[in-house]
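What follows is one structure encoded as structure tokens, with my remarks underneath.
Each reported figure results from applying straightforward, stated rules to the coordinates on display, with no laboratory input. Source: prediction; values computed, not measured. Don't worry about glycine lacking a Cβ; one is built from the backbone with ideal geometry, like all the others, and counts go over all protein chains shown.
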Amino acid sequence: MTLIAIAGDVHGDIALLYEKVVEIQAKIGAPIEAVFQVGDLHLYSDTSRIDSAVLRHGGAGEFPTWFREKRAIPIPTYAILGNHDDAELFYQYAGREIVPSLHLLSQGIVTSIKVGGVDVRIGVLGGNYSQKFFKTDPEKLPQGRKRHYTQAHIDSLINNKPFDILLTHEAPTGLVKRNDNDLGRLEITDLIERTQPQMAFFGHHHTHASDNIGKTVVTGLARIQNLGGLIVLAISKDGIFQLLRNS
């Protein structure tokens, strides 16, 4: 079996993420081959571009130092775009490493990643929704608005199915509510219904939640600092994914 971890919003606490991964490896007694992260890692090259929303979540955190020093991530990690990441920086490095062993997964793209001898196909819809920009050509998103996903990103994923895992930053409908209001997005629910990956994971809402949409097991992750912020999956040689541990 190959083990991978799915991590919730980090908000700058990068060292804590890997401390938790190491702890889980010790408890399981087997290595985690890769980490997949659902956005809001706090990808900033320096503190000059952070806004008030990022400040409310603890500021830029540790990543500017890791970026400046090109410090290597201890376990191969694949991150998607969050609404509290520097989208301009993200797009500059999308599809490649931003620091050693930290890969940024491109918006609306299905990427095949070999993990422990198993090919894992990952669909990616990072960022958040904007009614104003949802129908915009991704190439024409204005500066400061590249943090939003678009209809074109969703169409690309549908046209390139199948994939094993869908990573989104925002939630589909039916899993996260506040004051009886569903915070999920219908277009993400539709994406899952039309592609039916084995599993789908989201962050953004800092809430651990789980349900099925059709055949897809959908899980929301808490912040990495909290219970439900890190999930371990086992992958069999025939490509079957199974939840192994929730921490």
Inset, instruction - Go through segment 205-212 residue by residue and turn each phi into a ³J(HN,Hα) via Karplus (6.51, -1.76, 1.60, θ = phi - 60°); whole Hz please, and just put x for glycine and proline. - result: 8, 6, 10, 7, 8, 8, 6, 10
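Using helices alone, I'd like the mean residue ellipticity at 222 nm for the chain: each DSSP H run of four-plus residues gives -39500 (n - 2.57), total over residue count, nearest 500. Provide the component values of the computation, followed by the final result.
Working: 6 runs with 53 residues, N = 247.
Taken over the chain, the calculation gives -6000 deg cm²/dmol.
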Legend entry - segment 1-106 - Kirkwood radius from inverse mean 1/r over Cα pairs (Å): 13.9 Å
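Hey, could you grab the Kirkwood Rh for the chain? Inverse mean 1/r over distinct alpha carbon pairs, Å, one decimal.
One over the average 1/r among Cα pairs gives 17.8 Å for the chain.
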Legend entry - Separation of alpha-carbon centers, segment 199-232 and segment 105-181, rounded to whole Å: 15 Å
Legend entry - Charged-residue dipole, Cβ positions (Lys, Arg, Asp, Glu), segment 2-246 about Cα centre, Debye nearest 20: 80 debye
Legend entry - Quotient of Cα Rg and 2.2 N^0.38 Å for segment 117-247, N being how many residues it contains: 1.07
Inset, instruction - Please count, across segment 2-246, the pairs of lysine residues with Cα atoms under 20 Å apart that sit 8 or more places apart or on different chains. - result: 6
Inset, instruction - Give, as a single signed number, the net charge of other residues whose beta carbon lies under 10 Å from the beta carbon of Pro100, with Lys and Arg counted +1 and Asp and Glu -1. - result: +1
Inset, instruction - Averaging sequence separations of C-alpha pairs under 8 Å and six or more residues apart, then dividing by the length of the chain, give the relative contact order as a whole percent. - result: 20 percent
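If one computes P(r) from the Cα atoms of segment 33-171, what percent of pairs lie at distances over 25 Å? Mind dumping the intermediate values first?
Values: 2394 of 9591 pairs.
Here the tail beyond 25 Å accounts for 25 percent of pairs.
Multiply the residue separation of Lys114 and Leu16 by 0.36 nm, subtract the distance between their alpha-carbon atoms, and state the gained length in nm to one decimal. Walk me through the numbers on the way to the answer.
On the way: separation 98, 0.36 × 98 = 35.28 nm, distance 2.55 nm.
Working it through step by step, the gained length comes to 32.7 nm.
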Legend entry - P(r) of segment 55-121 over all Cα-Cα pairs, binned every 10 Å from zero, in whole percent: 18, 50, 27, 5, 0
